Amino acid sequence: MSSQQSPGARFRKALKDNQPLQIVGAVNAYAAMMAEKVGHQAIYLSGGGVANASYGLPDLGMTTMNDVVEDVRRITAASDLPLLVDIDTGWGGAFNIARTIREMERAGAAAVHIEDQVAQKRCGHRPNKEIVSKEEMVDRIKAAADARVDKDFFIMARTDSFQKEGLEAAIDRAKACIEAGADGIFAEAVNELEHYEAFSKALGDVPILANITEFGATPLYNRKELGEAGAAMVLYPLSAFRAMNKAAVTVYENILEKGDQKDVVDLMQTRMELYDYLNYHEFEQKLDQLFQQSKS
Ligand SMILES: C[C@](O)(C(=O)O)[C@H](CC(=O)O)C(=O)O
Ligand SMILES: [Mg+2]
């Protein structure tokens, strides 16, 4: 099932083959399997998703490298799609960042994005974000780029500077990050198509990611218009997660209020659908064969 190419090489190929490449959030292994079967070419492990879904915590820099790497391992074991991982600020200084990159590679990630917020970070779409200096961010990128073993492992620099410093400063940071070895730029929380155009004009061939997260600062632009504005990647970090959560609350409430779940069965994936995504029947057949062998 798994291909000969490294995860990083597969990510780069997906980027080349899809313009722009849609990257969908998968909060766990099963979500990754569904995204793959549906036909997506790349998946994402959201830092907010790990904090919220795996630990019941807000996206405020409270989860550690090990928390995230654990979820990466689970997802890469279940799906062959190249996985982009949110490593927040990299969890420390140069040595910590180098360790993070190596652990992510070892766990089967294809790409990461590392941001220029302070360690006490916030969600990129919340007010009052604090950022580190351009020099410190450049050091983060150098440490990350230098640490990778596979040269195809993709390192994306995310800049949160637009909110505080505006477009020109954000582009200036992006340029410095590219010089330091970044393969792509995540232009966080910009809010007009023209902003992506400006990034793309200034950065030439370097791929730019548009984060189309719901209920945030960026309108829900279509893939096509983002592509025309120069975005090479479109991220949907928590879209499926938000939908799952709403369905779950509806089911919990219904069971409590009505005493049964009949009214909400239509919201549910059926047992057969679940089994199809899991290849359940293949496993069952194998089990039957094993029993036959031990009986004979
Ligand atoms: C992309 C992001 O970093 C994430 O952790 O998924 C978040 C998404 C969100 O909170 O909607 C971010 O943009 O900061
Ligand atoms: Mg995040």
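Odds and ends about this structure:
- Identity of the residue in segment 77-100, in contact with a Gly (Cβ under 8 Å, 6 or more places away or on another chain) and within 18 Å of Ala240 (Cβ to Cβ), that ends up nearest to ligand 2 (Cβ to nearest atom): Asp86
- Taking the criterion of being part of a helix (DSSP H, G or I) and within 12 Å of ligand 1 (Cβ to nearest atom), the only residue of segment 192-239 that qualifies is Ser239.
- Residues considered: Glu214, Glu197. Of these, the only one that is open to solvent by 30 Å² or more (accessible area, probe 1.4 Å) and either more than 18 Å from the chain's Cα centre (by Cα) or among the small types (Gly, Ala, Ser) (or both) is Glu197.
- Some residue of segment 91-98 being closer than 21 Å to Phe199 by Cα and modelled with pLDDT of 95 or more: no
- Only one entry in Phe241, Phe215 is within 15 Å of ligand 2 (Cβ to nearest atom) and out of contact with any Gly (no Cβ under 9 Å at 6 or more places or on another chain), namely Phe215.
- Just one of the listed residues (Val206, Val251) is in contact (Cβ under 8 Å) with a residue 12 or more places away in the chain and surrounded by fewer than 18 Cβ atoms within 10 Å (Cβ to Cβ), namely Val251.
- Some residue of segment 109-124 being more than 16 Å from ligand 2 (Cβ to nearest atom) and outside any loop (DSSP other than H, G, I, E, B): no
- Condition broken by Met104, with the remaining ones in (1) within 16 Å of ligand 1 (Cβ to nearest atom); (2) not in a helix (DSSP H, G or I) satisfied: (2)
- Residue in segment 83-95 that is part of a helix (DSSP H, G or I) and not hydroxyl-bearing (Ser, Thr, Tyr) present: yes
- Scope segment 111-126; condition within 12 Å of ligand 1 (Cβ to nearest atom), surrounded by 18 or more Cβ atoms within 10 Å (Cβ to Cβ) and among the charged types (D, E, K, R); matching residues: Glu115, Lys121
- Scanning segment 127-171 for residues that are within 16 Å of ligand 1 (Cβ to nearest atom), more than 21 Å from Thr63 (Cβ to Cβ) and in contact with a His (Cβ under 8 Å, 6 or more places away or on another chain) turns up just one, Phe162.
The values are calculated or read from the model by the stated rules, or taken from the named source; none is laboratory data. Keep in mind it's a predicted model, so treat the numbers as computed, not measured. Neighbour counts run over all protein chains shown; Cβ positions are idealised from the backbone, glycine included. SASA here: full protein model, heavy atoms, side chains in, ligands and nucleic acids out. Shrake-Rupley method; radii C 1.70, N 1.55, O 1.52, S 1.80 Å.
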